[in-house]
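Following: one structure in structure tokens, then a few remarks.
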Amino acid sequence: NEVLEYVELEYKRNDFVRHLSRGMVQRMGVGVLLVHEPDVFLLDEPASGLDPKARIQLRRVLKKLAGEGKTIIISSHILTELSGFCSHIAIMNKGNIVLHGAVDEIQRKVFDTRRLTISVVDGSDRAVSVIKEFAGADPVVVDGNNITVDINADEQQLAELNALLVSKGVKVYSFCEEKTDLEDLFMEISTNEQYTSEESRQ
């Protein structure tokens, strides 16, 4: 019963497996592994063929495991399912691992800049002026009071930019970094000779 509750299938305890949906079967598979109390889970395409609700339920179970210190290794082509979930990734191209490490570290290695979305209250002109002065780059998009800008900066510098905007009288109500989608990250790596050439794989 404890395992069934963990994988959110306690209400199906009296059902035959053949009567379960694909998503339920996937969660049941995780439950079978839990009986053995492993520290490492290796899952191959766990979200394949699942509807949105089943994917959310499976992801919730996996996040729970990760929060308890379990190591979960996932092989998947559905990269959107891994965004916001995986802390580390290994990207393969033509059978070779071309990059591996923490997601944020790989993003900073592959992309020179970060994309910020800054929303202000009283118009964007003053904010745009401050951003140009600080970052040395024009905002890529100005849409009313919302500004999107690419900037080459670390966390400390981003905090300084936010503080500078406020000190200049700009009323900032949102200051956030747009995270690169894993699919975009994979495409950038798989089409970049820096990572796909024979020399880089040796």
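The values are calculated or read from the model by the stated rules, or taken from the named source; none is laboratory data. Please read these numbers as outputs of a predicted model, since none were measured by experiment. No Cβ is skipped: glycine too gets one built from the backbone with ideal geometry, and neighbour counts run over all protein chains shown.
Points to keep in mind about this one:
- Tallying residues that are touching a residue at least 12 places away in the same chain (Cβ under 8 Å) and in contact with a Lys or Arg (Cβ under 8 Å, 6 or more places away or on another chain) within region 1-54 yields 16.
- Test: residue in region 30-43 that is surrounded by fewer than 14 Cβ atoms within 10 Å (Cβ to Cβ), modelled with pLDDT under 85 and not in a helix (DSSP H, G or I): no
- Scanning region 169-191 for residues that are modelled with pLDDT under 90 and either more than 21 Å from the chain's Cα centre (by Cα) or hydroxyl-bearing (Ser, Thr, Tyr) (or both) returns 180, 190, 191.
- Of the listed requirements (1) in the same structural domain as residue 47 (by TED's automatic domain parsing); (2) touching a residue at least 24 places away in the same chain (Cβ under 8 Å), residue 131 misses just one: (1).
- Subset of region 139-183 (residues that are in a loop (DSSP other than H, G, I, E, B), of a type in the set (Val, Ile, Thr) and farther than 30 Å from residue 91 by Cα): 170
- Each residue in region 5-26 was checked for being farther than 18 Å from residue 66 by Cα, of a type in the set (A, V, I, L, M, F, W, C) and in contact with a Gly (Cβ under 9 Å, 6 or more places away or on another chain), and 1 pass.
- Test: residue in region 75-92 that is touching a Leu at 6+ places or on another chain (Cβ under 8 Å), of a type in the set (A, V, I, L, M), at pLDDT below 90 and assigned to a helix (DSSP H, G or I): yes
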